[in-house]
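A short worksheet on the structure shown next.
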Amino acid sequence: MKIAVIGGGWAGLAAAVELTAAGAETTLFEAGRVLGGRARGVEIDGRKLDNGQHILLGAYRETLALIRRVGADPDQLFDRRPLQVIDNSGFRLALAKLPAPLNVACGLLSASGVSLGEKLRTALWMDGIKRRGFRLAQEMTVSQWLDEAGQTGALRRHLWEPLCLAALNTPAERASAQLFANVLRDSLGSARREDTDLLLPRVDLGQVLPEPAGHWLREHGADIRLGVRVGQVTEVDGGIEIDGESFAAAILATAPQHLGALWPAAATSFTYEPIATIYLQFSPGMKSAFPLRNHLGGQGQWVVDRGDGLFACVLSGHGDWEALDDTGLAATLENELASPDKASWHKVIREKRATFSARPGLLRPDGKTSNPRLFLAGDHTWADYPATLEGAVRSGLRAGLWAAMATRP
Ligand SMILES: Cc1cc2nc3c(=O)[nH]c(=O)nc-3n(C[C@H](O)[C@H](O)[C@H](O)COP(=O)(O)OP(=O)(O)OC[C@H]3O[C@@H](n4cnc5c(N)ncnc54)[C@H](O)[C@@H]3O)c2cc1C
């Protein structure tokens, strides 16, 4: 049975693997020259980098399982560390290597720069959220949620707001409290200690999933067509035509802004948030005490030490930084890092529509369409999560399964 997947990002790759494993003849169309979509490796000035610095969580179970399924080893690919939030003001919260929930309780109680009263109030608040299954009585913004909970002290500025921006790519003032609660449920609220770990890729993103998945798919007979932008998707009797070629079923795994051109009924009216990654090369000896540091008060938000003096500074969501040109942005961040050393090289990569804006009450498609042989995949269709790799992978596996079932004789 021939089944088409349009879009070779992490959702499309997950769908293609699921379909191929179920015995389908899979054709994967990808407009770009490489697989990976918004999470891909790029080569710049002979360096293997990413289109944007990504950080995974131990809670990304389906993503880690997919990486293993296509023959790669997450233990080799990632630097796995217990969650720590450290910033340039001296704030530090580090989870202990203890079974959950003791790891979170001890981390909170030993946080520096926070009064004991605030720590205890926060522990009680978190316990209450957990007892309510991380379900909010009504949708609101993260800022409103924190206000309502009396979370107005140091932890708001140093922990909750930076975590919200990092996880939802949307500032607390306009981010969905329910989506943030879902992220907390599967990380800080999880019964598995490993779910709270941060996973920093040791290699470029292409080597994490897109390349191993591409090899696996080709080895299992899938047809991968790179550099092919699909222009037309048509309903026909018993199937779907993609630019005039017949398939028994199809999965549209493009980013939401590209869906309307292919299937107008699936068009969304989302707004988007940008992300910029600024790579700065210092001398190889320069190191950060922790590979991921939060930078408050300046333009840069998260700073990742990629080793050998290469630093990736991440700026999430709309902000003043967008008005700076690349040279100005690199110079500002170099200044903020206050290195004794001058950067010998820099590169700024801006993703203008990095993710949809995760606002309260956002209506999201659920993966099915009016045609029983046409399905949607992509981070935007996994309504339980904000735009994440895990949401993309879960949506792709689900769509793959549905398409395989829909075409079963
Ligand atoms: C800079 C940046 C940093 C991020 N950081 C994190 C992070 O730290 N952690 C995290 O979990 N998530 C992060 N994300 C979000 C994550 O990358 C996305 O949620 C995920 O990659 C989305 O995957 P997808 O497959 O749903 O969509 P996409 O990756 O957008 O894939 C869609 C694919 O469809 C292709 N396509 C579109 N139209 C056509 C067509 N007509 N024909 C053929 N192909 C087509 C596109 O070329 C693309 O490859 C980040 C995103 C960015 C941009």
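The values are calculated or read from the model by the stated rules, or taken from the named source; none is laboratory data. Keep in mind that what you see is a predicted model, and the values were worked out from it rather than measured. Every residue, glycine as well, gets a Cβ built from its backbone with ideal geometry; the counts of neighbours run over all protein chains shown.
Summary of computed values
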item	result
Residue count for the range 39-49, restricted to those that are among the small types (Gly, Ala, Ser) and either within 14 Å of the ligand (Cβ to nearest atom) or assigned by TED's automatic domain parsing to the domain that holds residue 188 (or both)	2
Among residues of the range 6-27, those that are more than 9 Å from the ligand (Cβ to nearest atom) and either touching a Pro at 6+ places or on another chain (Cβ under 8 Å) or assigned to a strand (DSSP E or B) (or both), counted	3
All positions within the range 50-78 that are more than 14 Å from the ligand (Cβ to nearest atom) and among the charged types (D, E, K, R)	68, 69, 73, 75
Evaluation of residue 110 against (1) of a type in the set (S, T, N, Q); (2) farther than 20 Å from residue 200 by Cβ; (3) surrounded by fewer than 13 Cβ atoms within 10 Å (Cβ to Cβ) (one fails), failing number	(3)
Entirely in the range 189-272, the helices (runs of 4 or more DSSP H) that have 3 or more residues that are more than 14 Å from the ligand (Cβ to nearest atom) and not charged (D, E, K, R)	210-219
Selection count where residues are outside any loop (DSSP other than H, G, I, E, B), over 19 Å from residue 343 (Cα atoms) and not hydrophobic (A, V, I, L, M, F, W, C), scope the range 303-321	2
Checking residue 33 against (1) within 25 Å of residue 225 (Cβ to Cβ); (2) exposed (fewer than 15 other Cβ atoms within 10 Å of the Cβ); (3) under 21 Å from the mean Cα position of the chain (by Cα), the condition it does not meet	(3)
Residue within the range 132-149 that is surrounded by 16 or more Cβ atoms within 10 Å (Cβ to Cβ), assigned to a strand (DSSP E or B) and in contact with a strand residue (DSSP E or B) (Cβ under 6 Å, 6 or more places away or on another chain) present	no
Test: residue 110 is away from the ligand (no atom under 16 Å from the Cβ) and in contact (Cβ under 8 Å) with a residue 24 or more places away in the chain	no
Answer from 85, 142, 104 - the residue that is of a type outside the set (Phe, Trp, Tyr), within 25 Å of residue 55 (Cα to Cα) and modelled with pLDDT of 95 or more	142
Extreme residue, surrounded by the fewest Cβ atoms within 10 Å (Cβ to Cβ), among residues of the range 354-379 that are in a loop (DSSP other than H, G, I, E, B) and among the charged types (D, E, K, R)	366
Residue 81 more than 24 Å from residue 301 (Cα to Cα), within 16 Å of the ligand (Cβ to nearest atom) and among the basic types (Lys, Arg)	no
Filtered residues of the range 230-242 (kept if exposed (fewer than 14 other Cβ atoms within 10 Å of the Cβ) and either modelled with pLDDT under 95 or under 21 Å from residue 13 (Cβ atoms) (or both))	237, 238
Tally of residues being in contact (Cβ under 8 Å) with a residue 24 or more places away in the chain and closer than 10 Å to residue 360 by Cβ across the range 127-149	7
Which listed residue, of 105, 123, is of a type outside the set (Phe, Trp, Tyr), outside any strand (DSSP E or B) and buried (at least 16 other Cβ atoms within 10 Å of the Cβ)	105
Which listed residue is in the same structural domain as residue 184 (by TED's automatic domain parsing) and in contact with a Cys (Cβ under 7 Å, 6 or more places away or on another chain), from 142, 114, 104	142
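Here's the yes/no breakdown for (1) of a type outside the set (Val, Ile, Thr); (2) without any contact (Cβ under 8 Å) to a residue 24 or more places away in the chain; (3) in contact with a Pro (Cβ under 8 Å, 6 or more places away or on another chain):
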| residue | (1), (2), (3) |
| --- | --- |
| 178 | yes, no, yes |
| 187 | yes, no, no |
| 195 | yes, no, no |
| 206 | yes, no, no |
| 210 | yes, no, no |
| 251 | no, no, no |
